[in-house]
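**Q** Take this structure, written in structure tokens, and hold onto it; I'll ask about it next.
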There are 2 protein chains.
Amino acid sequence: MAEVYIAGVGMTKFGRSERSLLNLMAEAARTALTHAGIYEFDAIYLGAMNPEEFVGDGCFAALFADYLGYAYVPSLRVETGTSSGAAAFFAAWTAVASGHYRRVLVVAGEKMTHLSTPRVAEILSRMIDPYERSYGATMPALAAMVTRAYMEEHGVGPKELALVAVKNHHNGTLNPYAHFQQEVSLEEVMESRMIADPLRLYHCCPISDGAAAALLTAEEQPVKVAGMGHGTDHPALRHRDSLTSFRATVAAAQRAYKMADKRPGDIQVAEVHDAFAPFEIISTEDLGFFPPGKGARALVKGRTALDGDLPINPSGGLKARGHPVGATGLAQIVEIVWQLKGEAEKRQVEARVGLSHSIGGLASNNWVTILERV
Amino acid sequence: MAEVYIAGVGMTKFGRSERSLLNLMAEAARTALTHAGIYEFDAIYLGAMNPEEFVGDGCFAALFADYLGYAYVPSLRVETGTSSGAAAFFAAWTAVASGHYRRVLVVAGEKMTHLSTPRVAEILSRMIDPYERSYGATMPALAAMVTRAYMEEHGVGPKELALVAVKNHHNGTLNPYAHFQQEVSLEEVMESRMIADPLRLYHCCPISDGAAAALLTAEEQPVKVAGMGHGTDHPALRHRDSLTSFRATVAAAQRAYKMADKRPGDIQVAEVHDAFAPFEIISTEDLGFFPPGKGARALVKGRTALDGDLPINPSGGLKARGHPVGATGLAQIVEIVWQLKGEAEKRQVEARVGLSHSIGGLASNNWVTILERV
């Protein structure tokens, strides 16, 4: 495959917004184009989980191209649930790698906060296996089952889980794009409202609005796509081999490492899908950073903090940066690009190779992307 | 770009079905795999317009992979409204052409008939420009405006429009996969119920259920993808340069011809998006088969009939084969593969090069695919 580079990236502040999804996506896109200094491209690849139900518009790719002022640029949408931003990036990457396109603008976003929480939960629950959904399962309820199993299997307690939120909220204070930019204490997390035992409010990412963008090009640039991997699993939790490791992440990571010719030890910074706090711990194990059951210990020791040997979620993660579902997989990539280029300001870490990890559904459709400074 | 071949294709009968979308898609997929004699592939690319609203399930790509018995095969979904089946084929094609994947299964489908017609119309209307939609515009209403403008500009009358339906219903009688398999007379079309003046019931495609599939591979096979083009336009009709020619088709066709190194005169059979009868006439002009305003004359002369010099919609088209929206763009490709391989039975024409043309939204996101017998 031909090398593919990232010429520019951009994103909106995540959080509650009164602006439209089109407007948020256009801001992210324009920022990426300005960052790249490139305003001509062959196609637009859009990542969005469900614009039809979140904002009521369909055939969204053409609608967005028109809104951006590029109505005649071919535009399509890619979807893998909550990891749609990474999926759009992947499809754009293969299109450039194939030689069919030279430059592709990838834009991903979602607008959620204007809806009631029950309506958002209903839309999100469409990603749950229909049979399990028929018994009233929600995303937090299933995540709670995973969490319980993990705590039981590895002897991990509520304090360790809470530390994910404390760490990521701290990182969020250093990220002007984050939904939440204030610290939370261990006590605040552990005493916050119970959502689905043992998951409390501060173990869960917020409902957010926002968008992210990246311009991919075949022309040499300082940051390249070193490898990508896509992994899937049974949507139904009851059909899985394990509750405490996500097969879809393991498979995606293996493919990405192989393609990039890297090992977990080569990764110097990572954005990891922490929609629920324990998912960060599980994912750092699935990605091979720490042995099974040892992710929490690494966290407690500060290894994944901003000044640790492997900073995880310098952006604040889904927990503090927020989770406008379709946007997140691409926002993670944007953060890694900033980190590799030395543009992450107060949360800058030292890294030449970075990884982003995005979960679709309840870890049924996951992506791992490895980026490298050339 | 590396050459990409079609190793096998399949589809379900289109029409009203009591079966689930997953079940329909799986039948099409299994038929394509059997046709290819290949049962191992690297990824699944799914085309569906809106499974969330049509059937209530999201993150549909992983759900389908699991249902098919390939839960561990990476699966993603591509969407461009009513042309999603062609969009998924395109994204899969670039993935194989890039060398990232060697074999990709493309599956596209939609399940619509279980919903009330007003609900289907509501879901379809999400593809209309939001401002025009806010005045109550529906797809047939906008198509009627286009039709009126075309009739006025080119002096075409209701009889010519009706002949599209008569021709395509005749072809449908020869296609066991078609939703409608009976002839309609000119009188029946011209006296059918008015939907949106001047469009009558028999000028409009039906609401259908169904699925189609194709296996793409880098390994040499009798039929290859010669070229593809993607074209877009302003979703809002009021912003278009012309009402009587679809810019998105013209752009897609130019790109596909250039890539395939073909001219319109090289095409020997075509599947054309006739969601409304006049769209077939307009599209045969946009594709360069006939000069502007001369499409109806070619139809009247029988040039586009099954025994004409350029058979259009041998399958029966959207009008008679039916239009399960996300499936259609891929079903057209399936028909062309059958025609090129001499497997189209009673509706077989003589062709070595064929074209399919799919419209997304009200011609805001269109695709042209050129296939060739090697």
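**Q** For residue A:148, are the conditions met, namely being under 16 Å from residue A:53 (Cβ atoms) and not in a loop (DSSP other than H, G, I, E, B)? Outline the logic, then answer.
**A** On the way: under 16 Å from residue A:53 (Cβ atoms): no; not in a loop (DSSP other than H, G, I, E, B): yes.
The answer is no for residue A:148.
**Q** Right, here's the next one. Please indicate, with yes or no, whether at least one residue in region B:31-51 is touching a strand residue (DSSP E or B) at 6+ places or on another chain (Cβ under 8 Å) and without any contact (Cβ under 8 Å) to a residue 24 or more places away in the chain.
**A** no
**Q** Then there is this: Assess whether residue B:138 counts as being among the β-branched types (Val, Ile, Thr) and either touching a Cys at 6+ places or on another chain (Cβ under 6 Å) or surrounded by 24 or more Cβ atoms within 10 Å (Cβ to Cβ) (or both). So that I can check it myself, show each step before the final result.
**A** On the way: among the β-branched types (Val, Ile, Thr): yes; either touching a Cys at 6+ places or on another chain (Cβ under 6 Å) or surrounded by 24 or more Cβ atoms within 10 Å (Cβ to Cβ) (or both): no.
No, not satisfied.
**Q** Further, regarding this structure: For region B:255-271, which positions are within 12 Å of another protein chain (Cβ to nearest Cβ) and buried (at least 21 other Cβ atoms within 10 Å of the Cβ)?
**A** Correct list: B:256 only.
**Q** Inspect all residues belonging to region B:222-236 and state whether any of them is within 14 Å of chain A (Cβ to nearest Cβ), surrounded by fewer than 24 Cβ atoms within 10 Å (Cβ to Cβ), within 28 Å of residue B:137 (Cβ to Cβ) and more than 21 Å from the chain's Cα centre (by Cα).
**A** yes
**Q** Checking residue A:72 against (1) at the interface with another protein chain (Cβ under 10 Å from one of its Cβ atoms); (2) part of a helix (DSSP H, G or I); (3) more than 21 Å from residue A:214 (Cβ to Cβ): exactly one of these is not met. Which one?
**A** Failing condition for residue A:72: (2).
**Q** Among the residues of region B:1-38, write down those that are of a type outside the set (Asp, Glu), modelled with pLDDT of 95 or more and part of a loop (DSSP other than H, G, I, E, B). Before you say what the answer is, go through the steps one by one.
**A** Pass one, region B:1-38, residues of a type outside the set (Asp, Glu): B:1-2, B:4-17, B:19-26, B:28-38.
Going one step further and asking which of them are modelled with pLDDT of 95 or more, we end up with B:4-17, B:19-26, B:28-38.
Of everything in region B:1-38, those that are of a type outside the set (Asp, Glu), modelled with pLDDT of 95 or more and part of a loop (DSSP other than H, G, I, E, B) turn out to be B:4, B:12, B:13, B:14, B:16, B:17, B:19, B:20, B:37, B:38.
**Q** Going by what's in this entry, would residue B:281 be described as out of contact with any strand residue (DSSP E or B) (no Cβ under 7 Å at 6 or more places or on another chain), modelled with pLDDT of 95 or more and among the aliphatic types (A, V, I, L, M)? Steps first, answer last, please.
**A** Working: out of contact with any strand residue (DSSP E or B) (no Cβ under 7 Å at 6 or more places or on another chain): yes; modelled with pLDDT of 95 or more: yes; among the aliphatic types (A, V, I, L, M): yes.
Spelling it out, residue B:281 is indeed out of contact with any strand residue (DSSP E or B) (no Cβ under 7 Å at 6 or more places or on another chain), modelled with pLDDT of 95 or more and among the aliphatic types (A, V, I, L, M).
**Q** Have a look at A:92, A:121 and point out the one that is buried (at least 24 other Cβ atoms within 10 Å of the Cβ), closer than 23 Å to residue A:58 by Cβ and more than 8 Å from every other protein chain (Cβ to nearest Cβ). Before you say what the answer is, go through the steps one by one.
**A** Numbers: A:121 fails: buried (at least 24 other Cβ atoms within 10 Å of the Cβ).
Of A:92, A:121, the one residue that is buried (at least 24 other Cβ atoms within 10 Å of the Cβ), closer than 23 Å to residue A:58 by Cβ and more than 8 Å from every other protein chain (Cβ to nearest Cβ) is A:92.
**Q** Okay, moving on. So, of the residues in region B:323-348 that are farther than 18 Å from residue B:370 by Cβ and over 10 Å from the mean Cα position of the chain (by Cα), which turns out to be surrounded by the most Cβ atoms within 10 Å (Cβ to Cβ)? Reasoning before the result, please.
**A** Initial filter on region B:323-348 (farther than 18 Å from residue B:370 by Cβ): B:323-327, B:342-343, B:345-348.
Keeping just the survivors that are over 10 Å from the mean Cα position of the chain (by Cα) gives B:342-343, B:345-348.
Values: B:342: 13, B:343: 11, B:345: 10, B:346: 11, B:347: 22, B:348: 17.
Among those residues, the one meeting the criterion is B:347.
**Q** Quick check, is residue A:175 in a helix (DSSP H, G or I) and over 22 Å from residue A:245 (Cβ atoms)? Spell out the reasoning first.
**A** Working: in a helix (DSSP H, G or I): no; over 22 Å from residue A:245 (Cβ atoms): yes.
It is false that residue A:175 is in a helix (DSSP H, G or I) and over 22 Å from residue A:245 (Cβ atoms).
**Q** Using beta carbons and a limit of 8 Å, which pairs, at least six apart or on different chains, have the first residue in region A:240-254 and within 12 Å of chain B (Cβ to nearest Cβ) and the second one at pLDDT below 95?
**A** From region A:240-254, the pairs are A:247/A:241.
**Q** While we're here: Being in contact with a strand residue (DSSP E or B) (Cβ under 9 Å, 6 or more places away or on another chain) and surrounded by fewer than 18 Cβ atoms within 10 Å (Cβ to Cβ) is the filter here, so list the residues in region A:237-254 that pass it. Walk me through how you get there before you give the answer.
**A** Applying the first criterion (in contact with a strand residue (DSSP E or B) (Cβ under 9 Å, 6 or more places away or on another chain)) to region A:237-254 yields A:246-254.
Answer for region A:237-254, where residues must be in contact with a strand residue (DSSP E or B) (Cβ under 9 Å, 6 or more places away or on another chain) and surrounded by fewer than 18 Cβ atoms within 10 Å (Cβ to Cβ): just A:254.
Listed here are the residues, each with its yes/no results for (1) of a type in the set (Phe, Trp, Tyr); (2) at negative phi; (3) surrounded by fewer than 24 Cβ atoms within 10 Å (Cβ to Cβ).
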{"site": "A:70", "(1), (2), (3)": "yes, yes, yes"}
{"site": "A:76", "(1), (2), (3)": "no, yes, no"}
{"site": "A:81", "(1), (2), (3)": "no, no, no"}
{"site": "A:100", "(1), (2), (3)": "no, yes, yes"}
{"site": "A:108", "(1), (2), (3)": "no, yes, no"}
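**Q** Within region A:141-191, how many residues are in contact with a strand residue (DSSP E or B) (Cβ under 7 Å, 6 or more places away or on another chain) and under 15 Å from residue A:313 (Cβ atoms)?
**A** 2
**Q** Tell me whether region B:86-109 contains one or more residues that are in a helix (DSSP H, G or I), farther than 27 Å from residue A:249 by Cα and in contact (Cβ under 8 Å) with a residue 12 or more places away in the chain.
**A** First, the residues of region B:86-109 that are in a helix (DSSP H, G or I): B:86-97.
Still in the list and also farther than 27 Å from residue A:249 by Cα: B:86.
Right, trim to in contact (Cβ under 8 Å) with a residue 12 or more places away in the chain and you get B:86.
Yes, because at least one residue in region B:86-109 is in a helix (DSSP H, G or I), farther than 27 Å from residue A:249 by Cα and in contact (Cβ under 8 Å) with a residue 12 or more places away in the chain.
The values are calculated or read from the model by the stated rules, or taken from the named source; none is laboratory data. These numbers come from a predicted model, not from an experiment. So basically every Cβ, Gly included, is an ideal-geometry build from the backbone, and we count neighbours across all protein chains shown.
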